[in-house]
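This report concerns only the one structure given below.
The values are calculated or read from the model by the stated rules, or taken from the named source; none is laboratory data. In this text, all values refer to a predicted model and were calculated from it rather than measured experimentally. All Cβ positions, glycine included, derive from the backbone under ideal geometry; neighbour counts span all protein chains shown. These accessible areas exclude ligands, DNA and RNA; they are computed on the full protein's heavy atoms, side chains included. Shrake-Rupley method; radii C 1.70, N 1.55, O 1.52, S 1.80 Å.
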Amino acid sequence: MPKQTFFNLPEEKRRRIMEAAIKEFSEYPFEQANITRIIEEAKIPRGSFYQYFENLKDLYKYTMDVAVDLKIKYFGEKVLGFQGEGFDFFTTLRHLFLVSLDFAREYPELLALGNLLIKEKTELQAEVMKDQNLKTENVYGEMLQKGVALGQLNPQVDPTAALLFMQALNHAFTDYYIAMTKNGTVPLDEVHFMKFIDNILEILANGLGNSGGGVS
């Protein structure tokens, strides 16, 4: 976490530092990230950096926290029916996918930031992913609990396995979006994308196996 001196800064200066951090970590994996580029972009002295953060890792982890908190807040505001009456698991999940597309368009640097994090294979990546997954568990966990309570989902499904599956699906969804748009440089084919979403929901609702099948 940042030091208290960071939170005591004027909002504009905090914003400038975080924008510089997001830019750096969305363009370079952590091992290639550079404090010099960050402080030059943020227009702060190197000495000031260490007044605000312990080190680059401290800033990196905080940047990831800010990014995932913004995404969760964005989804909470955009996904109608997530809370309240009339909840339907698959309708809400479909809307969640569509809102993911809106978020990716509105915050392309955060999309790139998350994509680089997923591709990292380090102890730091595992540490950060564990923290972020705990946050997304609240979102997916609430959806799954409501779906079961309303009789929309199989109550015999293991909740931990379901959560892991939902998180993995979210990561795969991000990879697919990036591949389809070639890192955001090519407009996405809306018709193709919607068909892709509906195919995913069809598999989720009905499974891959024949009726009556199972895992032995």
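Report yes if V79 is open to solvent by 40 Å² or more (accessible area, probe 1.4 Å), out of contact with any Asp or Glu (no Cβ under 9 Å at 6 or more places or on another chain), among the β-branched types (V, I, T) and in contact (Cβ under 8 Å) with a residue 12 or more places away in the chain, otherwise no.
no
Quick grid of which residues meet (1) over 20 Å from the mean Cα position of the chain (by Cα); (2) modelled with pLDDT of 85 or more; (3) of a type in the set (D, E):
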position	(1), (2), (3)
G47	yes, yes, no
K57	no, yes, no
V68	no, yes, no
E77	no, no, yes
F90	no, yes, no
L96	no, no, no
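Having 2 or more residues that are closer than 30 Å to I203 by Cα and of a type in the set (S, T, Y) is the bar; report the helices (runs of 4 or more DSSP H) wholly within region 1-113 that clear it.
89-106
If K121 satisfies every condition in (1) without any contact (Cβ under 8 Å) to a residue 12 or more places away in the chain; (2) within 27 Å of K23 (Cβ to Cβ); (3) open to solvent by 80 Å² or more (accessible area, probe 1.4 Å); (4) part of a helix (DSSP H, G or I) but one, which is the exception?
Of the numbered conditions (1) without any contact (Cβ under 8 Å) to a residue 12 or more places away in the chain; (2) within 27 Å of K23 (Cβ to Cβ); (3) open to solvent by 80 Å² or more (accessible area, probe 1.4 Å); (4) part of a helix (DSSP H, G or I), the odd one out for K121 is (4).
Among the numbered criteria (1) modelled with pLDDT of 85 or more; (2) charged (D, E, K, R); (3) more than 12 Å from the chain's Cα centre (by Cα); (4) surrounded by fewer than 15 Cβ atoms within 10 Å (Cβ to Cβ), which single criterion is violated by K73?
If we test K73 against (1) modelled with pLDDT of 85 or more; (2) charged (D, E, K, R); (3) more than 12 Å from the chain's Cα centre (by Cα); (4) surrounded by fewer than 15 Cβ atoms within 10 Å (Cβ to Cβ), just (3) comes out false.
Quick check on my filter: what residues within region 26-40 are charged (D, E, K, R) and touching a residue at least 40 places away in the same chain (Cβ under 8 Å)?
E27, E31 - these are the residues of region 26-40 that are charged (D, E, K, R) and touching a residue at least 40 places away in the same chain (Cβ under 8 Å).
For region 151-208: of the residues being assigned to a loop (DSSP other than H, G, I, E, B), open to solvent by less than 70 Å² (accessible area, probe 1.4 Å) and modelled with pLDDT under 75, which is farthest from F89 (Cα to Cα)?
Checked region 151-208; the qualifying residue farthest from F89 (Cα to Cα) is V186.
Just to check your reading of the model, which residue among K3, K43 is among the charged types (D, E, K, R), surrounded by 12 or more Cβ atoms within 10 Å (Cβ to Cβ) and either touching a residue at least 24 places away in the same chain (Cβ under 8 Å) or in contact with a helix residue (DSSP H, G or I) (Cβ under 8 Å, 6 or more places away or on another chain) (or both)?
K3
Can you tell me which residues in region 55-67 are touching a residue at least 60 places away in the same chain (Cβ under 8 Å), in contact with a Leu (Cβ under 9 Å, 6 or more places away or on another chain) and not aromatic (F, W, Y)?
Within region 55-67, K57, K61, M64 qualify.
Quick one: G86 ticks every box in (1) in contact with a Pro (Cβ under 6 Å, 6 or more places away or on another chain); (2) at positive phi bar one, so which box is it?
G86 satisfies all of (1) in contact with a Pro (Cβ under 6 Å, 6 or more places away or on another chain); (2) at positive phi except (1).
Kindly indicate which of K130, K146 is buried (at least 16 other Cβ atoms within 10 Å of the Cβ), basic (K, R) and over 27 Å from M180 (Cβ atoms).
Criteria check complete, one pass: K146.
Tell me the residue from T36, T92 that is open to solvent by 20 Å² or more (accessible area, probe 1.4 Å) and in contact with a Lys or Arg (Cβ under 9 Å, 6 or more places away or on another chain), please.
So the residue among T36, T92 that is open to solvent by 20 Å² or more (accessible area, probe 1.4 Å) and in contact with a Lys or Arg (Cβ under 9 Å, 6 or more places away or on another chain) is T36.
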